[in-house]
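The values are calculated or read from the model by the stated rules, or taken from the named source; none is laboratory data. Please read all numbers here as calculations on a predicted model, not as lab measurements. Cβ coordinates were reconstructed from backbone atoms using ideal geometry, including for glycine residues, and neighbour counts include every protein chain displayed. Each accessible area value is taken on the protein alone, full model and side chains, heavy atoms only, with ligands, DNA and RNA left out. Shrake-Rupley method; radii C 1.70, N 1.55, O 1.52, S 1.80 Å.
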Amino acid sequence: MSEQISPRGTFLKIAERLKAQIIDDVSMAELPSLAEVMAEYAVSRGLALRAFKALQQEGLAEPVPGARWRVLREGQHEDRRPLAEKIAELITAEGLEVGAPFLSEGKLIARFKVSRPTISKALTQLEAAGLLTEGGQGKRRAVRALPSQQEDLKS
C-alpha cells in the first residue's frame with residue numbers, strides 16, 4: 001500500500017528541508033521563491049508561505065518587501081532601517097550637493113537588491129519629505145535638500 005500524503009504537517013516538513021539546506025549551504029542568502037517551493041513540493045502558495053513563516057518563527061528567515069525571503073544567520077548584522085532612510089543616507093555618503101543629479105532607479109535597484117516598485121515607493125517618500133525633486137518619464141531626480149538626523153521618512 002502506498003503512503004498517503006497528509007496535508008497536516010506538510011509545511012513543517014518543507015520547513016525542515018529548507019532549514020537543512022540553510023544549515024548545509026552557508027552561502028545561501030535567500031530562500032527559494034514561493035513559486036519554486038510550490039513546484040518542487042507540489043503544494044499551494046498558502047502552504048509554502050506557512051513553511052516560510054515557520055522558518056521566520058525559528059529566526060532563520062525574514063520577509064523582504066519586494067524581494068525574496070532573506071536567510072538570517074547568527075553574527076550577521078542586517079540594516080533593518082526603512083529603505084527611504086538608507087537611500088537618503090546616500091545623499092550624504094555620495095557627497096551630493098543641492099541640485100546634484102541623484103542616482104537612477106536602476107542603480108538603486110542594483111545596490112539595494114529590491115524591486116522597482118519598492119525603490120519607487122521609497123523615492124516617492126523622499127520626494128514628499130522634500131529631499132529629492134520629482135522624477136518622471138525621462139526626467140532625472142535631483143537633490144532638493146540635504147537630509148538631517150531629525151527627519152522622519154517613515155510616513
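Between Met28 and Ala42, what is 0.36 nm times their sequence separation minus the Cα-Cα distance? Round to one decimal in nm.
Working: separation 14, 0.36 × 14 = 5.04 nm, distance 2.26 nm.
Going from the current span to full extension adds 2.8 nm.
I'd like the accessible area for Arg140, computed on protein heavy atoms only with a 1.4 Å probe and all protein chains in place. Round to 10 Å², please.
140 Å²
Helix 10-24 sits at what angle to the longest principal axis of the chain, using alpha carbons and giving 0 to 90 degrees rounded to 10?
70 degrees
Could you tell me the number of lysine pairs in region 24-155 with C-alpha atoms less than 17 Å from each other, where the two lysines are 8 or more residues apart or belong to different chains?
For region 24-155, qualifying lysine pairs total 9.
Using only Cα atoms, tell me the angle between helix 116-128 and the longest principal axis of the chain; keep it within 0 to 90° and round to the nearest 10.
Around 40 degrees separate the two axes.
Amide H to amide H, which residues 5 or more places from Ala142 or on other chains are under 5 Å from it, using H placed in the peptide plane?
Under 5 Å from the amide H of Ala142 lie the amide H atoms of Phe102, Thr133, each far enough along the sequence or on another chain.
With labels modelled as points extended 7 Å from the Cα through the Cβ direction, what inter-label distance (nm, one decimal) is found for Leu96 paired with Glu134?
1.8 nm
Can you give the longest run of the chain that contains no GluC sites (Glu not before Pro) sitting in a DSSP loop with at most 16 other Cβ atoms inside 10 Å? Present the calculation step by step, with values, prior to reporting the outcome.
Values: sites that count: Glu3, Glu58, Glu74, Glu78, Glu94, Glu97, Glu134, Glu151.
Counting at most 16 other Cβ atoms within 10 Å as exposed, the longest clean stretch of the chain is 4-57.
Angle between the Cα long axis of helix 83-93 and the longest principal axis of the chain, 0 to 90 degrees, nearest 10?
Here the helix axis deviates by roughly 40 degrees.
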